[in-house]
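What follows is a single structure, written as structure tokens, with notes after it.
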Amino acid sequence: MHRLWLYVVLFNSSFAFSQDSIWTARTTGKFPYIKYGIGDDRLGGAKMGFLDSNILLAITDSLGTDYKLKLSKYHSAYIPKENVVLMKKVPSLRMVHNQDLSNAWKVFGDADADYVMINLSKPVPYRSTQLVNPSRVTVDLFGITSNTNWINQLSSAKEIRNIWYEQVEDDLLRVIIELRHPQHWGHTIYYDSTGKKLFVKIKRQPPVLDIRKLRIAIDAGHGGDNNGTSGTKGSVVEKNYTLKLAREFEKTIKAAGVSKVFMTRTNDTTLSMVERMEMLRQFNPDLLVSIHLNSADSDTVQGTSTYYRYIGFRTLSVAILNQLLTLGLKEYGNIGSFNFALNGPTDYPNALIEVGFLTNRSDEKKIISPRFQKAVAQKIYLGIVNWLKQVK
């Protein structure tokens, strides 16, 4: 009865799955991502990370708006159906992961960044992790067994100190990239057009740790048909005040000598998270600050907070929070592993700022004050300056 029920449900989705067969598929669309499970909240399910397009997948089940995929013998994940193109049905996982091997590696640099190039038999899913003390990037390659017998390392690589791998499971190869500096400045993973060369791009630490030399991106949360939250009487709307705060911050850093500044929006326009991430990828910032205003069911909840997702970027969010607290705001905290879309890219340090709670009268009164807006902008600026002083 269980098998029959499963078949009927999935047949309605046009594809049938059973315990003894799977579908091959590939990733598609902009910024496809995989999740740990089917749990959900207002920010979506907990994400493993983003993937490149045209990566081969083994789909084993269909659950609502997600497909379940088999990454390796002991690892599974979930991916939104909108990011998948099903290809053909095959009798077993062995038909998908059939002696998929790694080959020779190369480590090198160009004028701007370092690269690890890994030759593979086909484009497989991956997961990256930032580690600190010491600073490292690890990349798990699912469904891969090592056939790597040399790693060619060139002196043109400046930020990568060491590189090696571990075959942690029969079909899970872990790449370990040790960095020269404690601070993570970002990494990007992608395949070349053949799908058989995986690149891990490591951003270098800027040669001069001066805010005036950095490329800074500013995101004013919400906008257009996305109002965000509202104040205690409903007349104060988040999207309007995030833009005011973002403009003040832009004005503050330009006055301080920062010339390379990018705003995801400069007026009341509707932008999806994918559109924002695309623009940020094109700008290639050294850091991103996203400005929001918080809300709670109770009007007694108040305070300022900062958010990060990856441990290598935490220091930026902490430095900004420490400065915001000097404004006399209560502390709501520094929140990690945050599943907000703009905390998701690994390409550059980023921090989400929730300046205060619009649903709290005291916080709201401060937020609508032009004088307070200028003070917040100055504190974010000082937070970044202090962060750069801590970077070694």
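The values are calculated or read from the model by the stated rules, or taken from the named source; none is laboratory data. This is a predicted model, so every value here is computed, not measured. Here the Cβ is made from the backbone with ideal geometry for all residues, glycine too, and neighbour counts use every protein chain on show.
State whether the residues of segment 140-155 include one that is of a type in the set (F, W, Y), buried (at least 17 other Cβ atoms within 10 Å of the Cβ), modelled with pLDDT of 95 or more and under 23 Å from Y74 (Cα atoms). Walk me through how you get there before you give the answer.
We begin by selecting, within segment 140-155, every residue of a type in the set (F, W, Y); these are 142, 150.
Of the ones still in play, those that are also buried (at least 17 other Cβ atoms within 10 Å of the Cβ) are 142.
This time we only want the ones that are modelled with pLDDT of 95 or more, so: 142.
Imposing the further condition that a residue be under 23 Å from Y74 (Cα atoms) reduces the set to 142.
Looking for residues that are of a type in the set (F, W, Y), buried (at least 17 other Cβ atoms within 10 Å of the Cβ), modelled with pLDDT of 95 or more and under 23 Å from Y74 (Cα atoms), one finds at least one in segment 140-155, hence yes.
Of the residues T65, T27, which is touching a helix residue (DSSP H, G or I) at 6+ places or on another chain (Cβ under 8 Å) and more than 24 Å from D347 (Cα to Cα)? Please lay out each step first, then the result.
Working: T27 fails: more than 24 Å from D347 (Cα to Cα).
That would be T65, the only listed residue that is touching a helix residue (DSSP H, G or I) at 6+ places or on another chain (Cβ under 8 Å) and more than 24 Å from D347 (Cα to Cα).
Has segment 220-243 got any residue that is charged (D, E, K, R) and closer than 30 Å to T28 by Cα?
We begin by selecting, within segment 220-243, every residue charged (D, E, K, R); these are 225, 233, 238-239.
Then drop every residue that is not closer than 30 Å to T28 by Cα, which leaves 225.
The answer is yes, given that some residue of segment 220-243 is charged (D, E, K, R) and closer than 30 Å to T28 by Cα.
When you go through S235, S259 one by one, which is the residue that is modelled with pLDDT under 95, surrounded by fewer than 15 Cβ atoms within 10 Å (Cβ to Cβ) and of a type in the set (S, T, N, Q)?
Working: S259 fails: modelled with pLDDT under 95.
Answer to the check: S235.
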Could you check how many residues of segment 264-281 are out of contact with any Asp or Glu (no Cβ under 6 Å at 6 or more places or on another chain) and either among the aliphatic types (A, V, I, L, M) or in a loop (DSSP other than H, G, I, E, B) (or both)? 12
What is the number of the single condition among (1) within 30 Å of L342 (Cβ to Cβ); (2) modelled with pLDDT under 80; (3) in contact with a strand residue (DSSP E or B) (Cβ under 8 Å, 6 or more places away or on another chain) that L10 does not meet? (1)
Any hit, segment 300-313, residues being under 13 Å from the mean Cα position of the chain (by Cα), part of a helix (DSSP H, G or I), touching a residue at least 24 places away in the same chain (Cβ under 8 Å) and surrounded by fewer than 20 Cβ atoms within 10 Å (Cβ to Cβ): yes
When segment 112-128 is checked residue by residue, the ones that are modelled with pLDDT of 95 or more and either surrounded by fewer than 17 Cβ atoms within 10 Å (Cβ to Cβ) or among the hydrophobic types (A, V, I, L, M, F, W, C) (or both) are A113, V116, M117, I118, N119, L120, V124
Among all residue pairs at least 6 apart or on different chains, which show Cβ distances below 6 Å where the first residue, located in segment 139-153, is on the phi > 0 side of the Ramachandran plot and the second is aromatic (F, W, Y) and crowded, with 22+ Cβ neighbours inside 10 Å? none
Being closer than 17 Å to H292 by Cβ and in contact (Cβ under 8 Å) with a residue 60 or more places away in the chain is the filter here; which residues of segment 199-225 pass it? A217, I218, D219, A220, G221, H222
From L324, L329, L352, L293, grab the single residue that is crowded, with 20+ Cβ neighbours inside 10 Å, more than 13 Å from the chain's Cα centre (by Cα) and part of a strand (DSSP E or B). L293
Selection within segment 131-167 - part of a loop (DSSP other than H, G, I, E, B) and either assigned by TED's automatic domain parsing to the domain that holds L56 or among the basic types (K, R) (or both): K158
Hey, I380 of a type in the set (A, V, I, L, M), buried (at least 20 other Cβ atoms within 10 Å of the Cβ) and part of a helix (DSSP H, G or I) or not: yes
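Is there a residue in segment 231-242 that is part of a strand (DSSP E or B) and either more than 30 Å from L101 (Cβ to Cβ) or more than 24 Å from the chain's Cα centre (by Cα) (or both)? Walk me through how you get there before you give the answer.
The initial filter retains those residues of segment 231-242 that are part of a strand (DSSP E or B), namely 237.
If we keep only those that are either more than 30 Å from L101 (Cβ to Cβ) or more than 24 Å from the chain's Cα centre (by Cα) (or both) too, we end up with 237.
Yes, segment 231-242 contains a residue that is part of a strand (DSSP E or B) and either more than 30 Å from L101 (Cβ to Cβ) or more than 24 Å from the chain's Cα centre (by Cα) (or both).
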Considering only segment 88-111, how many residues are in contact with a Lys or Arg (Cβ under 7 Å, 6 or more places away or on another chain) and either modelled with pLDDT under 95 or buried (at least 18 other Cβ atoms within 10 Å of the Cβ) (or both)? 2
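Scan L327, L321 and give me the residue that is under 30 Å from R281 (Cβ atoms) and modelled with pLDDT of 95 or more.
Values: L327 fails: under 30 Å from R281 (Cβ atoms).
One residue alone meets the criteria, L321.
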Looking only at segment 30-77, count every residue that is basic (K, R), surrounded by fewer than 16 Cβ atoms within 10 Å (Cβ to Cβ) and over 23 Å from P91 (Cβ atoms) and tell me the total. 2
